[in-house]
Amino acid sequence: MDIPFEGVVAALMTPMDRDGVILASELRDEAAFLTESGVDGLCIGGPLGELSGASTAEVEAVCSAARSESDLPIAVNLFVDLTAEAIDSARAAEASGAAAVLISQPHYLFQPGESGLIRQFSDIRNVVGIPLLLSNTVPSALVPASTVRKLYERSLIDGVYQGTDPHALADVLCATPRMPVFAGIEDLLYVGLALGARGIISTLAAIFPHECLAMRFAVAEDDHETARLIHARLLKVWRKLDHPSESFARSKHALSVRGRPVGFARHPYQYLSPESATDVEQGIAEFTEAASS
């Protein structure tokens, strides 16, 4: 199946209150803002989307809320461990208007071998009527490029969202036959675009949509000097957000500093020290200052 989007896909952070309840109004505001910013698509449930382990009702609610405020294609990223779980959630996403579903590799405690992964995607493919991508975004359960290629050659996936390991990103971009690749390593978005990725699926694109769009257009026009300058600014602020235990809270605080509050990170990832908050605020201030200079 043809994937109905390319370019810059913003991975929404799901707005939540202190108890982890999804804030539908704020989510609709984010979807509307990003749509107006000019991004090419939206992704819910990405690596910082906080929908890992979400119920089918939550998947439906988030997708429907985003759909109500945006005419952009919406991809739903699902982190699953059981085939039945993947099928139920993918069906919920499709029923809620998703344009594509991104399924992660099983990753809790154990990972299946190549044969198990092929069977899983075959079972999902048989019941889902929208484009299906492998979400190769779990660092502890990386699917090798050789297996990704087999899934694509057998028409079990329509592309791959490569969000971890730069070597794997390079491998899938150079694989034969060529497949649609969406880069998701936040500090290598420029590299992915320069190497021919069909697009990016990115949290940074949700926080800084205009800058990510400008970087993508610069690459398309072979203006790599401009693209690298934007990359350097994004890289510097990403270093403030990327953290082993505070990434959810830091990224949500960054959006709040940008004037788009999206509530709190889900338990048990809510804690953000005053020092960390200040660090994020300084990063945003430096980013804004660099943009105006």
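For the range 80-106, which positions are assigned to a loop (DSSP other than H, G, I, E, B), under 19 Å from the mean Cα position of the chain (by Cα) and aliphatic (A, V, I, L, M)? Matches in the range 80-106: 80, 98, 99. Restrict the check to the range 258-270 and report whether at least one residue is free of Cβ contacts under 8 Å to residues at least 40 places away in the same chain, open to solvent by less than 60 Å² (accessible area, probe 1.4 Å) and not in a loop (DSSP other than H, G, I, E, B). No, the range 258-270 contains no residue that is free of Cβ contacts under 8 Å to residues at least 40 places away in the same chain, open to solvent by less than 60 Å² (accessible area, probe 1.4 Å) and not in a loop (DSSP other than H, G, I, E, B).
Filtered by the rule that a residue be among the β-branched types (Val, Ile, Thr) and either at pLDDT 95 or above or open to solvent by less than 40 Å² (accessible area, probe 1.4 Å) (or both), the range 146-202 gives 147, 148, 157, 160, 164, 172, 181, 185, 191, 200, 201.
Just wondering, is there one or more residues in the range 214-231 that are among the hydrophobic types (A, V, I, L, M, F, W, C), modelled with pLDDT of 95 or more and closer than 20 Å to residue 45 by Cβ? For the range 214-231, residues among the hydrophobic types (A, V, I, L, M, F, W, C), modelled with pLDDT of 95 or more and closer than 20 Å to residue 45 by Cβ: absent. Scan the range 43-61 and tell me whether some residue there is among the charged types (D, E, K, R) and at pLDDT 95 or above. No; the residues of the range 43-61 include none that is among the charged types (D, E, K, R) and at pLDDT 95 or above. All told, residue 252 falls short of being at pLDDT 95 or above, open to solvent by 40 Å² or more (accessible area, probe 1.4 Å) and not β-branched (Val, Ile, Thr). Residue 125 meets the conditions (1) among the charged types (D, E, K, R); (2) open to solvent by 50 Å² or more (accessible area, probe 1.4 Å); (3) free of Cβ contacts under 8 Å to residues at least 40 places away in the same chain; (4) within 25 Å of residue 2 (Cβ to Cβ) in every case but one. The failed one is (2). From the list 98, 75, 84, 57, the lone residue that is small (Gly, Ala, Ser), out of contact with any Phe, Trp or Tyr (no Cβ under 8 Å at 6 or more places or on another chain) and either surrounded by 18 or more Cβ atoms within 10 Å (Cβ to Cβ) or in contact (Cβ under 8 Å) with a residue 60 or more places away in the chain (or both) is 98. Taken as a whole, the condition of being of a type outside the set (Phe, Trp, Tyr), in a helix (DSSP H, G or I) and either open to solvent by 60 Å² or more (accessible area, probe 1.4 Å) or free of Cβ contacts under 8 Å to residues at least 12 places away in the same chain (or both) does not apply to residue 240. For the range 1-52, a residue qualifies if it is touching a strand residue (DSSP E or B) at 6+ places or on another chain (Cβ under 8 Å), open to solvent by 60 Å² or more (accessible area, probe 1.4 Å) and outside any loop (DSSP other than H, G, I, E, B), and exactly one does: 26.
The values are calculated or read from the model by the stated rules, or taken from the named source; none is laboratory data. Please read all numbers here as calculations on a predicted model, not as lab measurements. Methodologically, a virtual Cβ is constructed for each residue, glycine included, from the backbone with ideal geometry; neighbour enumeration extends over all protein chains shown. The area values use the complete protein model at the heavy-atom level, side chains included, leaving out ligands, DNA and RNA. Shrake-Rupley method; radii C 1.70, N 1.55, O 1.52, S 1.80 Å.
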